[in-house]
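Report on the structure given below.
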Amino acid sequence: AVVSTQSTGREFKDGGTIPSIRNDIKLPINLNDGFTKRAGPSEVPTLDSLFHWVCHSNFSLENIDVLTYRGLLKKIAITKHDTYNNHWCVRLSKIKTTLIMDEIETEEKKRMRLNPSHRDELFQYYGHKFEECVLEVDSNAPEVDIVVTSKLGRLRYLMAAEVDGLKADGKIVELKTHRLLQTEHHKKLFRQSKLLNTFLQCYIAGIEETTFGFRDNRGFIQNIKYHNTAEIESICRNDWNKNDMISFLNQIMEWAVSIVETGKIYHMSYTGKDSIELYEVENISYIPSWFRTHAKKIDDAW
């Protein structure tokens, strides 16, 4: 489900309901409970739900420079600071002047998704289990997205962002799990990787609140801590600089918008070689014809 949110304040409509944080969270939480019943590999995210939202809401893209989802912008922003040097590849096209960007699953990522290690499966399950235990939500409830309009640098974005829950004051909160921070080395890695990724994930979508569940080596949540994004930025001030990453994201996206031509398809990729490549590929459209048709009807100028 896709929920709408406006940049002047959050107005939820025509979508799923974002679940609330429980008032009766009891510790410890056994994150292993039910692991043998896990569902199979995760799906590759697509823009289909955002396309449907645009059509259903009769939302004009006339003043939108980029349509995408939040996770891709975070991957690009973190490129030079990613502890694990993750590679990425995106597909680009335009409807008139609006850049449409979605992800291409690399062969390596496809292999990891379809054949994850036991450790990867377990930690992915831990995240879902933590959400199930701290939110007022059915374990089979679908994920909920919000649609956000925002401006970063010179560009205006329309993006979909999957969100976890709501605090009692109505603010959206991101939920994360992490091992207990028992050494200075643990704390440093936590700041340089987990807090960095969480901060960018929140900042790009305008989310201000996070909740971290810290687990022991058995997979039991022993304590829960709450941080807003301003606190995270302050805690990590000696580890990374938000402005450097957002400036990098702005440069890459403005470059892509200036290069991509309407009616053509491009790939943009980072393969760990200290360079980002942007190149035209065979013109096989990945944007549904029904979306192109409807988008053009919304705005008579198209």
*asked:* So in region 255-276, with the set limited to residues that are within 22 Å of the chain's Cα centre (by Cα) and open to solvent by 50 Å² or more (accessible area, probe 1.4 Å), which one is farthest from residue 89 (Cα to Cα)?
replied: 255
*Give 225, 297 a once-over and let me know the one that is over 21 Å from the mean Cα position of the chain (by Cα), touching a residue at least 12 places away in the same chain (Cβ under 8 Å) and either closer than 21 Å to residue 69 by Cα or open to solvent by 40 Å² or more (accessible area, probe 1.4 Å) (or both).*
225
*Which one of 211, 183 is free of Cβ contacts under 8 Å to residues at least 12 places away in the same chain and among the polar types (S, T, N, Q)?*
183
*Sort through 184, 208, 233 and tell me the only one that's touching a strand residue (DSSP E or B) at 6+ places or on another chain (Cβ under 7 Å), open to solvent by 50 Å² or more (accessible area, probe 1.4 Å) and acidic (Asp, Glu).*
208
_Looking at (1) of a type outside the set (Lys, Arg); (2) at pLDDT 90 or above; (3) under 29 Å from residue 296 (Cα atoms); (4) part of a helix (DSSP H, G or I), which one does residue 123 not meet, given that it meets all the others?_
(3)
_For the condition crowded, with 19+ Cβ neighbours inside 10 Å and either modelled with pLDDT of 95 or more or not in a loop (DSSP other than H, G, I, E, B) (or both), what is the one hit in 27, 92, 61?_
92
*Looking at region 126-140, which of the residues that are part of a loop (DSSP other than H, G, I, E, B) and in contact with a strand residue (DSSP E or B) (Cβ under 9 Å, 6 or more places away or on another chain) is most open to solvent (accessible area, probe 1.4 Å)?*
136
*Can you name the strands (runs of 3 or more DSSP E) wholly within region 154-221 that have at least 1 residues being under 30 Å from residue 255 (Cβ atoms) and more than 13 Å from the chain's Cα centre (by Cα)?*
155-163
*Return a yes/no flag: does region 115-122 have any residue that is within 23 Å of residue 222 (Cβ to Cβ) and in contact (Cβ under 8 Å) with a residue 40 or more places away in the chain.*
yes
*Show the residue pairs that are 6+ apart or on different chains and have beta-carbon atoms under 7 Å apart, the first residue being within region 277-291 and surrounded by 13 or more Cβ atoms within 10 Å (Cβ to Cβ), the second being of a type in the set (Lys, Arg).*
280/264; 286/91
_Scope region 95-109; condition out of contact with any helix residue (DSSP H, G or I) (no Cβ under 7 Å at 6 or more places or on another chain) and not in a loop (DSSP other than H, G, I, E, B); matching residues_ = 98, 100, 102, 107, 108, 109
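The values are calculated or read from the model by the stated rules, or taken from the named source; none is laboratory data. Predicted model only: the values in this text are computed from it and were never measured. So basically every Cβ, Gly included, is an ideal-geometry build from the backbone, and we count neighbours across all protein chains shown. Accessible surface is based on the protein model in full, side chains and every heavy atom, while ligands, DNA and RNA are left aside. Shrake-Rupley method; radii C 1.70, N 1.55, O 1.52, S 1.80 Å.
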